[in-house]
Amino acid sequence: MFIFVIMNYKQINLNDWELQGEGAFGESYFSKTDSSIMLKLMKPEGRKEDIIAEFENSRKIASVGFKTPAAIELVEESQSGRLGIIYEKVQEKISFTRMIHDNPSDLPRIAKIHAEEAKKFHGINCDPTQFLCYKETIRKAIPKLFTFKKYKDILKAAIELVPDSHGCLQYDFQPGNIVHSNKTGENYWIDMGDFGYGHYLFDIALLYMFTNILCTKKSVQQIFHMTEQQLRAYWVEFTAAYFGRSIQPDEMFGKKIRLHLAMAVTIKYHMIPAPGPIKYLILNVMLRKNLKGISLENVADIMAAKV
Ligand SMILES: Nc1ncnc2c1ncn2[C@@H]1O[C@H](COP(=O)(O)OP(=O)(O)O)[C@@H](O)[C@H]1O
Ligand SMILES: [Mg+2]
C-alpha cells in the first residue's frame, strides 16, 4: 500500500513582497509589511529538493558559531507553487561584491576582510553527525564520473591525500555570498544550501573557479557586479591576505588548488542548467583545465606542497 504524504507549506502572495534582486538560482524580496524579514524564492526551473535542503541546512547551522541570518520558514508562492525561504533580514545590508562595484578602490580592503572572516569560518569545527562530509561525498562520486580513466586515477589518488577535517565549508565560496550590515557593522554568511565540512582548500578552490575561470563570462560578471579584471584582482588580494602571499595558478601550491577544484567540481557540475551531455562536456573541460601539468606521478608532491 502506498502512503502519500502531502506537504502543506505556508502560502504567500507576491503582492505582499517587493523584488530586490535576482541571483543565479532565485529571486530575493523584501516584505512590504515586516522590515525584519526577507524572502528567497527559487526560480521556476529550480528544483524543490534544493530549496528544502537549503532550509534544513540553514536551520542546523544556526548553532555552529558564525554569523548567519536565521531561516524562519519554508513557504510556497500560491500562484506558481514555487518554494521559498523566509530569512531574518540583514539590516542595511550590502554584499561584498556590491561594495566593490560601488567603490572599486576598496577592493583590497574588502578582499582582506573576506579572507579574515574565512579563516575564522574555516577554523570552526562542526558536528560531523549533522552535516555533509565533502571528502567522503567526492570520494564516492569519482568512480561514477563520465570522464577519462587518467583523470579518475589522478582524482582517486588526490582525494586520499586530503587531510580529514571537520572545518566549516560554504562550498559556494565567493564574495557575493557574504554581506555586511551597515546597521550592526557585522558580516553575515548567506546562501548556505551547500554547507558542509572538510578541508578549507575546497572553498579556496571554488573562489579560484569564480575569479580565474568563470570570470570571463558575462553572466558571471553580471551576477557579481564585477569586471573580469576586478574578479582576477580579488583572487590576488584575497590569497595575499589568507595565505600571506598571492598564489599563482602554475606554481606548486597553485596546482594544489587547481587539483582541489578538479575534485570539488565532481559533485558540483550536476547543478549546471544544461542537458546531460552538455554537463559532461563542461565537467571534462573543467577537469582538463584544472589538471593541466598534473599527472599520477606528481599528485603526491603537489598534495604535499606548502604555501
Ligand atoms: N538574510 C538576508 N538579508 C538581506 N539580504 C539577503 C539575505 N539573504 C540574501 N540576501 C540578498 O539576496 C541576494 C541573493 O541571495 P543568495 O542567498 O546569495 O541567493 P542565490 O542562491 O541566488 O545566490 C544576496 O545577494 C543578498 O543581497
Ligand atoms: Mg548567492
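The values are calculated or read from the model by the stated rules, or taken from the named source; none is laboratory data. Worth saying up front: this structure is predicted, and the values here are computed from it rather than measured. Cβ placement follows ideal geometry from the backbone for every residue including glycine, while neighbour counts extend to all protein chains displayed. Keep in mind that these areas ignore ligands, DNA and RNA; they rest on the heavy atoms of the full protein, side chains included. Shrake-Rupley method; radii C 1.70, N 1.55, O 1.52, S 1.80 Å.
Excluding Lys135 itself, calculate the net charge of residues whose Cβ lies under 12 Å from the Cβ of Lys135, where each Lys or Arg counts +1 and each Asp or Glu counts -1.
Combined, the nearby Lys, Arg, Asp and Glu give -1.
With each run of n ≥ 4 DSSP H residues scored as -39500 (n - 2.57), what mean residue ellipticity at 222 nm is computed for the chain after dividing by its residue count and rounding to the nearest 500 deg cm²/dmol? If you can, show how the numbers build up before the last one.
On the way: 11 runs with 121 residues, N = 307.
Result for the chain: -12000 deg cm²/dmol, rounded to the nearest 500.
Excluding Asp250 itself, what net charge comes from residues whose Cβ is under 10 Å from its Cβ, given Lys and Arg +1 and Asp and Glu -1?
Taking every other residue near Asp250 into account, the sum is +2.
At what distance in nm do the modelled label points of Glu116 and Ser246 sit from each other, each positioned 7 Å from its Cα along Cα→Cβ?
Label at Glu116, label at Ser246, 2.1 nm between them.
Using a 1.4 Å probe on the protein heavy atoms, what percent of the accessible area of region 10-88 belongs to carbon and sulfur?
Details: 1970 of 4200 Å².
Looking at region 10-88 in its full context, I get 47 percent from C and S.
Quick check for you: with a 1.4 Å probe and neighbouring chains kept, what is the accessible area per residue of the chain, in Å²?
50 Å²
Given a Förster distance of 45 angstrom, what is the FRET efficiency for Val236 paired with Ser63, based on the Cβ-Cβ distance and rounded to 0.05?
Numbers: r = 35 Å, r/R0 = 0.79.
Given R0 = 45 Å and the Cβ-Cβ separation, E is 0.80.
Could you check how much of the accessible area of region 184-307 is carbon and sulfur, as a whole percent, using a 1.4 Å probe? Numbers along the way, then the final one.
Numbers: 3070 of 5290 Å².
So the carbon and sulfur contribution to the accessible surface is 58 percent.
Report, ordered by chain and residue number, the lysines lying within cross-link reach of Lys119, taken as a straight Cα distance under 20 Å and ignoring same-chain residues fewer than 8 apart.
In chain and number order, the partners are Lys67, Lys135, Lys256, Lys306.
Taking R0 as 30 Å, what's the FRET efficiency between Cys133 and Glu73 from their Cβ-Cβ distance, rounded to 0.05?
0.60
Under the classification rounded if a/c is under 1.5, otherwise prolate if a/b is larger than b/c and oblate if not, where does region 1-151 fall, given a ≥ b ≥ c as square roots of the Cα gyration tensor eigenvalues?
Working: a/c = 1.65, a/b = 1.03, b/c = 1.60.
Taking the square roots of the gyration eigenvalues as a ≥ b ≥ c, region 1-151 is oblate.
Given points 7 Å out from each Cα along the Cα-Cβ axis, report the Asn15 to Lys183 separation in nanometres with one decimal.
2.7 nm
Select from region 218-262 those trypsin sites (Lys or Arg not before Pro) which occupy a DSSP coil region and have at most 16 other Cβ atoms within 10 Å, ordered by residue number.
Arg245
If I take R0 = 35 Å and measure r between the Cβ atoms of Ala305 and His270 in this structure, what FRET efficiency does the formula 1/(1 + (r/R0)^6) give, to the nearest 0.05? Intermediate results must be reported in sequence, preceding the final value.
Working: r = 29 Å, r/R0 = 0.84.
It comes out at approximately 0.75.
Just in region 47-112: which GluC sites (Glu not before Pro) are loop by DSSP and have at most 14 other Cβ atoms within 10 Å?
Those satisfying the criteria are Glu92.
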